[in-house]
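The values are calculated or read from the model by the stated rules, or taken from the named source; none is laboratory data. In this text, all values refer to a predicted model and were calculated from it rather than measured experimentally. Heads up, the Cβs are rebuilt from the backbone with ideal geometry, glycines too, and the neighbour counts pull from every protein chain shown.
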Amino acid sequence: MTIKRSSSGIRRSAAAIVAVAAISAALVGCSADAGSSGGSGSASDLDAALEKGGTITYWSWTPSAEAQVAAFEKAYPKVDVKLVNAGTNTDEYTKLQNAIKAGSGAPDVAQIEYYAIPQFSLSESLVDLSQYGFGDLKDDYSASTWGSVTSGDKVFGLPQDSGPMSMFYNKTVFDQYGIEVPTTWDEYVAAAEKLHAADPTKYITSDTGDSGFATSMIWQAGGQPFQADGTNVTIDLADAGSKKWADNWNRLIDGGLLSDIPGWSDEWYKGLGDGTIATLITGAWMPGVLEGSVPDASGDWRVAPIPTYDGTPVSAENGGGGQAVIKQSKNPALAAAFLKWLNNDPESIKVFLEKGGFPATTADLESDEFLAQAPEYFGGQKINEVLTAAAKDVPSGWQYLPFQVYANSIFGDTVGQSYANKGNLNDGLAEWQKQLVDYGNGQGFTVNK
Amino acid sequence: MSAPAYVRSRDNSRPRSRKSIALTLLMLLFVVYTLVPLLWLVINATKTQPELFSSFGLWFGSDFALFDNIAQTLTYNNGIFVRWFGNTLLYVVVGAGGATLLATVAGYGLAKFRFPGRRAVFAVVLGAIAIPGTALAVPTFLMFSQLGLTNTPWAIIIPSLISPFGLYLIWVYAAESIPTELLEAARIDGAGEFRTFFTISIRLLAPGIVTVLLFAVVATWNNYFLPLIMLSDPAWFPLTVGLNQWNAQATGVAAQPIYNLVITGSLLTILPIVAAFLVLQRFWQSGLSAGSVK
Amino acid sequence: MTTLSRQQGLPIPKPSRKARRDWRGWAFVGPFMAVFLLVFIAPVIYAVYLSLFREQLVGGNAFVGFENYLLVLSDGKFWEAFLRVLLFLVIQVPIMLVLALAAAMAIDSARLHATGFFRIVIFLPYAVPAVVAVLMWGFIYGGNFGLAANINDFLGSEVITPFTREWILPAIGNIVTWEFVGYNMLIFYAALRTIPTELYEAAELDGAGPFRVITGIKIPALRGAIVIAAIFSIIGSFQLFNEPNILKPLAPNIITSYFTPNMYAYNLSFAGQQFNYSATVAIVMGVITAVIAYVVQLRGSRKEDR
């Protein structure tokens, strides 16, 4: 049996399609512009807005959000903050992006990680908070986090946490195989060889290619592969720093010294617990994760400064982010007032620290109480002394791309292939650069021209 | 009224059937393949979060924490799981129920009436479902957003009302199981088309309807991608999106893996589907035998 | 026009001879089509509209005609993804359908103990949300602590390595098969149940053995159901998304952002904000899928006429 369509049937279905086309076109036509509110304001507006009260929506996935919102509502009973967990990192950005494109549905305040802030600020989706005098808060935050939320005189958010990189190592494993704590990358590679030779099931660390890690490592090596001035973008993933990191890390890849357990998988958590993964080069927010989720390894882990290339202490930021006010907000002054309380008021930051967060505020980074903490989990080591020292060693001048979310999404397609093939990371970086340049130019940026 | 004599009665009425051990053993192999992953789920639902990371996956840990896990799943984050469960139920009852009704009525109409544009329906439906839904998510999202439907239950329910597969299935069933003579007889008696449909045809279609309902229930229950795009407020999440959000908690700064709750929640998510299957299966068989008895 | 014989369950059965040619059918089909227009056709038309434009992050929106289509046709990533799902389809769909068919016949044969048990157990995986299914298989595939690791230890060599370039497609195929065998089994089973008893009795009188019954009665009777199941499996394969996407964190370098056409379209629009190009990819993919599904439908029907 075959389908024989009568010509009249075709004509009628064509008519129906035209009718639907008209409906769709009408829908397309009324697509609204992104919110136009959030024009001018001043510092005094914040108090007035808090006085007046109102309702705002706050998107966040951080565990401290609920307690912080409760404390805020207690302090300002007239303000009602509706807390929504719209998803973790990229899940949330997708929803935020969709809501911004649709012209409605975005929250007043949203959590955005540092690497994604340029993407949202460039598309003019975020309120410039300098109009509310936020520029004066500069000295309250560590230099690198402040740099991540600002562009020139414009302030697009306030930092909430930070992640200066350090080396977390499993002391039990190190002791068992007689490995010294490495201070340079050469020593680190030697330690990797020694460990893996002594026990082939154990690895110095696991890395299957992670864009956040790679960019931070390039940052530590002194690279500045991404530079953006408005829509003029320069990408150089073969600069001295990028190359330095790639050449260094190639040694671990070539030697098969990296575990292929993907980060954040359940195998990864297992590996952190049983010594399979002996070190982690990561941000200062890691202790909370270890204590909360790898209880079996209590007493095993210690913290040391991140290894260096030449013995001069230098670190980089890894992870972390802040909150921003979205332009769609109908009450930007109130949203800004909430944001200022959230990431600047000692009461809020206290709640944040209690939940295991690592601060971005200089007062807390330098407080004696914070520095004196000696968690049992880390064998009584004063880990915050090491971690906050790293915060001071972060080189300035680093920038993310105004399309970093996309860039990270194709990292596995490009640099990840070098990992998978045990190839040269420099080749992977070159391929990443090529695709990023194409994308940027295709999106109307002026890249490498 | 003539009975549809071709509808077969239950299999045990066939005299020659003898039970075969070999066939049963072969099928048991199949069952093992099917059950190993599910076994993993059941076993691991009895473990605490730390034990998940420290014990062998296909055997029990030292503690039996199933009831603890269930209690935690139901109360975590102010009992959001229960809320998700209720949402899913709402989407299933309205969405799958509506989908079955629309597909049944339309499939019947396509099978039993010849009307202008009938063949175009087939082509249009097939053509439209061939376009990947994930890539249409943005256009759909923008349209629904203009209609003010995003972040409401309607954004989930309205698309769930369409089951192209159900439409085809009923189309096939209706053509086979409802003798046109029967409809003619009803028309001669002066019954209206819808009256005929609801009093006579729907009973003959029962096995088909139950199959479609079963598929629609499972499809709605497991609906993941659309709610992920359409909803931002967890208060409207169905179970699938909620569980995935719990799973995603294990990633990044301030990671809080709660795999034990994800696993226990998954187990609790599957149970109602099993119950629905068992219930619907009864109707399914009785529908068939009812046809043969008449 | 031939009249539909009863044992043929065809995708498009023709109405019986005495059905009426009038507009009343629309009263039945209308409600379905109204909702269908809103949730399927309107977004498709909107997508076609989008595919004719290019909106940039910087510089706004411009009409580009068919430029996006030309780009897709010469896009290596798209064709790589397309060939991958084509390979997947050609191997996985027949295996799954044959397994489903065998299971349905076994359960229908009345030669099985505990039929009800088998029916529900084999159907069960379909009730497991894809997120959960991938979580479970992800554990089993785990090369360090999973079941695969245990088997490899036992055998003393790396035999099972699902997260490698060679084995990732079979690994995904296995998950998909596991999830959907029961679903297809049930479709076939339901179709088998409509075979008239007289046919079996007649076959018995003719002295036909079980094999003859299968090839002579059951398979022909199932042809319609097989064609539907094949069409929907083809569409499903071309739209492969959930399984590789959820598995991606476990094999980040093997499963690229353009592993399947659907993942490519998804990442173009959600990571890259290339909504226009993404819509174009979706439409090209849709047209290819529809043509292939249509050909399968035609071929499936033509065999009937022999």
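Some notes on this structure:
- A:Gly273 vs. criteria modelled with pLDDT under 95 and either part of a loop (DSSP other than H, G, I, E, B) or outside the structural domain of A:Thr172 (by TED's automatic domain parsing) (or both): no
- Residues satisfying the stated conditions in segment A:389-413, i.e. away from chain C (no Cβ under 14 Å), crowded, with 21+ Cβ neighbours inside 10 Å and among the small types (Gly, Ala, Ser): A:Ala390, A:Ala391
- Residues satisfying the stated conditions in segment C:112-132, i.e. under 29 Å from the mean Cα position of the chain (by Cα) and more than 7 Å from every other protein chain (Cβ to nearest Cβ): C:Thr115, C:Gly116, C:Phe117, C:Arg119
- Any chance A:Gly416 is at the interface with chain C (Cβ under 9 Å from one of its Cβ atoms) and surrounded by fewer than 18 Cβ atoms within 10 Å (Cβ to Cβ): no
- Annotation note: Cβ proximity below 8 Å between a residue of segment C:261-280 that is more than 25 Å from C:Leu87 (Cβ to Cβ) and within 10 Å of chain A (Cβ to nearest Cβ) and a residue that is acidic (Asp, Glu) and surrounded by fewer than 24 Cβ atoms within 10 Å (Cβ to Cβ) (sequence gap 6+ or interchain) occurs for C:Phe275/C:Glu55.
- Within segment A:276-285, the set of residues being within 12 Å of chain B (Cβ to nearest Cβ) and part of a loop (DSSP other than H, G, I, E, B) comprises A:Thr276, A:Gly283, A:Ala284, A:Trp285.
- Against the test of being more than 12 Å from every other protein chain (Cβ to nearest Cβ) and either under 31 Å from the mean Cα position of the chain (by Cα) or under 30 Å from B:Ala155 (Cβ atoms) (or both), the options C:Gln56, C:Gln92 yield a single qualifying residue, C:Gln92.
- Set side by side, the residues A:Gly444, A:Gly440, A:Gly428, A:Gly412 differ, and just one is within 19 Å of the chain's Cα centre (by Cα) and touching a residue at least 12 places away in the same chain (Cβ under 8 Å), which is A:Gly412.
- Residue in segment C:65-74 that is under 27 Å from C:Ser233 (Cβ atoms) and more than 15 Å from the chain's Cα centre (by Cα) present: yes
- Segment A:49-118 holds strands (runs of 3 or more DSSP E) entirely within its bounds, and those carrying 1 or more residues that are outside the structural domain of A:Asp229 (by TED's automatic domain parsing), of a type in the set (D, E, K, R) and surrounded by 21 or more Cβ atoms within 10 Å (Cβ to Cβ) map to A:109-113.
- Flag for B:Ala275 being touching a residue at least 12 places away in the same chain (Cβ under 8 Å), assigned by TED's automatic domain parsing to the domain that holds B:Ile162 and small (Gly, Ala, Ser): no
- Search result, residues across segment C:57-79 that are touching a strand residue (DSSP E or B) at 6+ places or on another chain (Cβ under 8 Å) and outside any helix (DSSP H, G or I): C:Asn61, C:Ala62, C:Phe63, C:Val64
- Residue satisfying all of: in segment C:153-183; of a type in the set (Gly, Ala, Ser) and over 20 Å from C:Leu87 (Cα atoms); farthest from the chain's Cα centre (by Cα) among these: C:Gly156
- Scanning segment B:170-201 for residues that are more than 13 Å from B:Val105 (Cα to Cα), among the acidic types (Asp, Glu) and within 11 Å of another protein chain (Cβ to nearest Cβ) yields B:Glu176, B:Glu181, B:Glu184.
Matching residues to (1) over 17 Å from the mean Cα position of the chain (by Cα); (2) under 29 Å from B:Tyr168 (Cβ atoms); (3) among the acidic types (Asp, Glu):
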| residue | (1), (2), (3) |
| --- | --- |
| C:Arg212 | yes, no, no |
| C:Thr215 | yes, yes, no |
| C:Ile228 | no, yes, no |
| C:Tyr258 | yes, no, no |
| C:Ser269 | yes, no, no |
| C:Gln274 | yes, no, no |
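- Qualifying residue in segment A:292-307 (condition: part of a helix (DSSP H, G or I) and touching a strand residue (DSSP E or B) at 6+ places or on another chain (Cβ under 9 Å)): yes
- Among the candidates C:Leu135, C:Leu97, residue that is aliphatic (A, V, I, L, M), more than 13 Å from chain B (Cβ to nearest Cβ) and part of a helix (DSSP H, G or I): C:Leu97
- Annotation: of all residues in segment A:251-270 being more than 12 Å from A:Asp207 (Cβ to Cβ) and assigned to a helix (DSSP H, G or I), the one that is farthest from the other protein chains (Cβ to nearest Cβ) is A:Arg251.
- Any hit, segment A:238-248, residues being within 12 Å of chain B (Cβ to nearest Cβ), in a loop (DSSP other than H, G, I, E, B) and surrounded by fewer than 18 Cβ atoms within 10 Å (Cβ to Cβ): no
- In segment A:315-346, the residues that are over 30 Å from A:Gly105 (Cα atoms) and in contact (Cβ under 8 Å) with a residue 60 or more places away in the chain: A:Ser315, A:Ala316, A:Glu317, A:Asn318
- All conditions but one from (1) under 30 Å from B:Ala22 (Cβ atoms); (2) in a helix (DSSP H, G or I); (3) more than 14 Å from chain A (Cβ to nearest Cβ) apply to C:Leu87; the one that does not is (1).
- Among residues that are closer than 29 Å to A:Asp108 by Cβ and of a type in the set (D, E, K, R), A:Asp393 is not included.
- Residue in segment B:132-148 that is among the β-branched types (Val, Ile, Thr), crowded, with 20+ Cβ neighbours inside 10 Å and more than 7 Å from every other protein chain (Cβ to nearest Cβ) present: no
- Breaking point among (1) within 19 Å of A:Glu113 (Cβ to Cβ); (2) outside any helix (DSSP H, G or I); (3) not aromatic (Phe, Trp, Tyr), for A:Leu339: (2)
- Complete set of residues in segment A:175-230 that are among the aromatic types (Phe, Trp, Tyr), under 18 Å from the mean Cα position of the chain (by Cα) and in a helix (DSSP H, G or I): A:Phe213, A:Trp219
So that you can scan it fast, the table gives a plain yes or no per residue for (1) more than 21 Å from A:Ser123 (Cβ to Cβ); (2) modelled with pLDDT under 95:
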| site | (1), (2) |
| --- | --- |
| A:Thr201 | yes, yes |
| A:Thr205 | yes, no |
| A:Ala221 | yes, no |
| A:Gly230 | no, yes |
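- Top-ranked residue of segment B:149-166 - restricted to ones that are at the interface with chain C (Cβ under 7 Å from one of its Cβ atoms) and not in a helix (DSSP H, G or I), ranked as surrounded by the fewest Cβ atoms within 10 Å (Cβ to Cβ): B:Leu161
- Evaluation of C:Lys248 against (1) surrounded by fewer than 24 Cβ atoms within 10 Å (Cβ to Cβ); (2) within 11 Å of chain A (Cβ to nearest Cβ); (3) in contact (Cβ under 8 Å) with a residue 24 or more places away in the chain; (4) not small (Gly, Ala, Ser) (one fails), failing number: (3)
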